[in-house]
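Visitor: The structure under discussion is supplied below as structure tokens; questions concerning it will follow.
The values are calculated or read from the model by the stated rules, or taken from the named source; none is laboratory data. Please read these numbers as outputs of a predicted model, since none were measured by experiment. FYI the Cβ positions are ideal-geometry reconstructions off the backbone, even for glycines, and counts take in every protein chain you see. Note: areas computed on protein heavy atoms with side chains; ligands, DNA, RNA excluded. Shrake-Rupley method; radii C 1.70, N 1.55, O 1.52, S 1.80 Å.
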Amino acid sequence: MTRKKLIVGNWKMHCNAQEASVLVHRLDKQIEHVPQDAEVVLCPSFLSLQPLAMQLNGRRFKLGAQNVYHKDEGAFTGEVSAHMLRELVDYAIVGHSERRTHFHEKEEIALKVSACFRNSITPILCVGETLIERQNEETKLVLHDQIMADLAMLTAEEVEQMVIAYEPVWAIGSGDFAKPEQVLRAIRTIRHNIAELFGKYTANKIKVLYGGSTNPDNAKAYLKVEGVDGLLVGGASLNYHQFADIIEAARDV
Ligand code: PGA
């Protein structure tokens with residue numbers, strides 16, 4: 001079964017609304033045809049979602065949020081709920097390692113994933129080990145624990161529809177490339193854990209992405225790794241030439 005490759009651009013805390021609009025315009029011009037077998041998702045800051053939704057007019061690119069708050073509404077100054085984002089985005093990144101590290105997110109990740117489903121948003125859950133954890137040969141354990149904790153509130157039917165991004169923390173924004181064999185092993189571990197918790201059918205259905213220092217030179221190699229359904233791209237997604245080339249790499253893999 002061939003399935004669409006998902007190419008997600010995580011713009012992180014870059015681009016104000018005007019810059020985001022220019023970037024999308026240039027990306028749109030740069031790409032002649034989005035490969036039929038690829039789906040492209042842009043995750044700008046919250047501020048740019050509404051204007052980009054109007055600019056994009058639902059064509060070519062889908063939108064994703066970089067985070068959500070897990071309650072639908074209430075006295076939570078400064079937060080943006082999944083409920084506010086519904087109908088504006090198709091996807092939301094949840095549990096990115098930068099949120100886990102800088103904002104100490106842990107227990108609330110399961111609640112955020114659940115809030116996404118409650119609001120018809122597909123969560124892209126990020127998991128991955130740090131360098132120390134890899135050096136201590138704890139990668140399997142870390143992935144197991146993150147999956148156990150973060151999917152705790154879901155049914156198998158929900159898990160089937162979600163996306164998991166394997167992002168080794170040491171490879172994010174570092175230019176330190178994970179070897180395709182390392183990605184293969186980690187993704188097997190992820191599907192193995194899902195199979196144990198939710199059954200083989202679900203483990204096979206769930207989309208698993210790779211993320212961490214992806215660029216036009218390595219994108220194809222990662223996309224060819226067995227079990228990789230797409231890429232979560234950080235730095236290179238801010239460069240429309242590079243991101244267009246990465247999207248092109250998803251053709252015929
Ligand atoms: P990077 O970021 O591509 O810049 O390494 C990936 C991510 O953080 O999702």
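Visitor: Looking at ALA65, ALA38 in this structure, which one is within 16 Å of the ligand (Cβ to nearest atom), touching a residue at least 40 places away in the same chain (Cβ under 8 Å) and either under 18 Å from the mean Cα position of the chain (by Cα) or surrounded by fewer than 21 Cβ atoms within 10 Å (Cβ to Cβ) (or both)?
Guide: One residue alone meets the criteria, ALA65.
Visitor: Now for a separate question. Scanning segment 5-28 for residues that are in contact (Cβ under 8 Å) with a residue 60 or more places away in the chain and charged (D, E, K, R), which turns out least open to solvent (accessible area, probe 1.4 Å)?
Guide: Across segment 5-28, the extreme among qualifying residues is LYS5.
Visitor: Do we find that ASN193 is away from the ligand (no atom under 16 Å from the Cβ), assigned to a helix (DSSP H, G or I) and open to solvent by 40 Å² or more (accessible area, probe 1.4 Å) in this structure?
Guide: It is false that ASN193 is away from the ligand (no atom under 16 Å from the Cβ), assigned to a helix (DSSP H, G or I) and open to solvent by 40 Å² or more (accessible area, probe 1.4 Å).
Visitor: Evaluate segment 162-172: report whether one residue or more is of a type outside the set (D, E, K, R), more than 15 Å from the ligand (Cβ to nearest atom), crowded, with 19+ Cβ neighbours inside 10 Å and not in a helix (DSSP H, G or I).
Guide: Within segment 162-172 (the criterion being of a type outside the set (D, E, K, R), more than 15 Å from the ligand (Cβ to nearest atom), crowded, with 19+ Cβ neighbours inside 10 Å and not in a helix (DSSP H, G or I)), the answer is yes, since at least one residue qualifies.
Visitor: Just give me the residues in segment 73-85 being within 30 Å of LYS4 (Cβ to Cβ) and open to solvent by less than 80 Å² (accessible area, probe 1.4 Å), in sequence order.
Guide: VAL80, SER81, ALA82, LEU85
Visitor: Restricting to segment 207-237, name every residue that is part of a helix (DSSP H, G or I) and near the ligand (Cβ under 9 Å from one of its atoms).
Guide: GLY235, ALA236, SER237
Visitor: So, one more: The conditions are (1) open to solvent by less than 30 Å² (accessible area, probe 1.4 Å); (2) within 22 Å of SER213 (Cβ to Cβ); (3) without any contact (Cβ under 8 Å) to a residue 60 or more places away in the chain; (4) not in a helix (DSSP H, G or I), and ASP176 fails exactly one of them. Which is it?
Guide: If we test ASP176 against (1) open to solvent by less than 30 Å² (accessible area, probe 1.4 Å); (2) within 22 Å of SER213 (Cβ to Cβ); (3) without any contact (Cβ under 8 Å) to a residue 60 or more places away in the chain; (4) not in a helix (DSSP H, G or I), just (1) comes out false.
Visitor: Within the bounds of segment 132-151, is there any residue that is surrounded by fewer than 13 Cβ atoms within 10 Å (Cβ to Cβ) and closer than 16 Å to ASN10 by Cβ?
Guide: No.
Visitor: What pairs come up if the first residue lies in segment 107-123 and is open to solvent by less than 20 Å² (accessible area, probe 1.4 Å), the second is of a type in the set (Phe, Trp, Tyr) and at pLDDT 95 or above, and their beta carbons are under 8 Å apart, counting only those six or more places apart or on different chains?
Guide: LYS112/TYR69; ALA115/TYR69; ILE121/TYR91; PRO123/TYR91; PRO123/PHE117
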